[in-house]
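Input: a single structure, listed below in structure tokens.
The values are calculated or read from the model by the stated rules, or taken from the named source; none is laboratory data. Every value quoted in this text rests on a predicted model; they were computed, and no experiment measured them. Cβ: placed from backbone, ideal geometry, glycine included. Neighbour counts: every protein chain shown.
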Amino acid sequence: MSATPSKPSRSITVPDFVKAKAEGRKLSVLTAYDALWAKLLDESDVDALLVGDSLGMVVQGKETTLPVTLNEMIYHAKMVTRATQRALVIVDMPFMTYQVSPRQAISNAGRILKETGASAVKIEGGEAQAETIAALHRVEIPVMAHVGMRPQSVRKFGRHSAVQRDADQLLADAKAAEQAGAFSIVLELIPRQIAADITKQLTIPTIGIGAGPECDGQVLVTPDMLGLSGFRPKFVKQFAQLRDTIQQAVRTYSSEIRSGTFPDDSHSHH
Ligand code: KIV
């Protein structure tokens, strides 16, 4: 197992992230899966990078997150931490790497922190995972919880876009996660008012995705918000249209090669 370089002191820590809520500072979180993107995002004033198991779809081209393995998450998280100087790095624990038992979760979360240099893990679930969150908290592994639409439960929900509307259950999940020691919680695809109520009742920051503006922060899948993936549900605002920009650049590249315009003398060694 190779040693991971320690982070510079100006990097954002878990306590800094938690403190943002008390100080009324909104948190900006994006997904990152490799060093190229981690460096680009880290240099662009984002508070946290989530190595999401959404990489199963975004990077690996699969239909769900279910096949993603722990070793794959570690492989990608290493690339992200290597290129990140400032942002807090949080790593998703993939399907069935924490649900079996708290013991399994500790051993796998331990591998993630030890081998990647990331600061925290994320697991999906509230009440149902409270014992596991508490076990991780006891061994001082910071945990971000994730309630509402949980992509690892897609077989139960039937689809990824199912909005969760049971306010009592959602609040119970969020409170159970906080009481168990989670330092933050993702609220995914929850009606705005329910997310606002949860945010008001918790002292830890809520990070919304499709859960309205009252959350303490927001997370989006980076290729979606940059208009790169072509995936455009209601909750995704496209802040750029990189798909068009990239495809136009590649068309120009190919056409200049074919016409003999590229390379010219300025691109040639003499
Ligand atoms: O896997 C992921 O990228 C996520 C975010 C969308 C919250 O869980």
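General remarks:
- Only one entry of Leu66, Leu30, Leu40, Leu36 meets the criterion of being buried (at least 20 other Cβ atoms within 10 Å of the Cβ), at pLDDT 95 or above and of a type in the set (A, V, I, L, M), and that entry is Leu30.
Every residue, every condition in (1) buried (at least 16 other Cβ atoms within 10 Å of the Cβ); (2) of a type outside the set (Ser, Thr, Tyr); (3) free of Cβ contacts under 8 Å to residues at least 12 places away in the same chain; (4) within 17 Å of Pro142 (Cα to Cα), yes or no:
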position: Pro15; (1), (2), (3), (4): no, yes, yes, yes
position: Arg25; (1), (2), (3), (4): no, yes, yes, no
position: Val46; (1), (2), (3), (4): yes, yes, no, no
position: Gly56; (1), (2), (3), (4): yes, yes, no, no
position: Asn71; (1), (2), (3), (4): no, yes, yes, no
position: Thr97; (1), (2), (3), (4): yes, no, no, yes
position: Pro102; (1), (2), (3), (4): yes, yes, no, yes
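- Qualifying residue in region 47-62 (condition: within 15 Å of the ligand (Cβ to nearest atom) and farther than 22 Å from Met149 by Cα): yes
- Residue under evaluation Lys78, criteria (1) more than 15 Å from the ligand (Cβ to nearest atom); (2) more than 17 Å from the chain's Cα centre (by Cα), criterion not met: (2)
- Selected residue (only one of Leu228, Leu187, Leu171 is more than 21 Å from the chain's Cα centre (by Cα) and surrounded by 15 or more Cβ atoms within 10 Å (Cβ to Cβ)): Leu171
- A count restricted to region 10-47 and to residues that are more than 25 Å from Met73 (Cα to Cα) and β-branched (Val, Ile, Thr) stands at 0.
- The residues of region 114-160 that are closer than 19 Å to Thr65 by Cα and among the acidic types (Asp, Glu) amount to a single one, Glu124.
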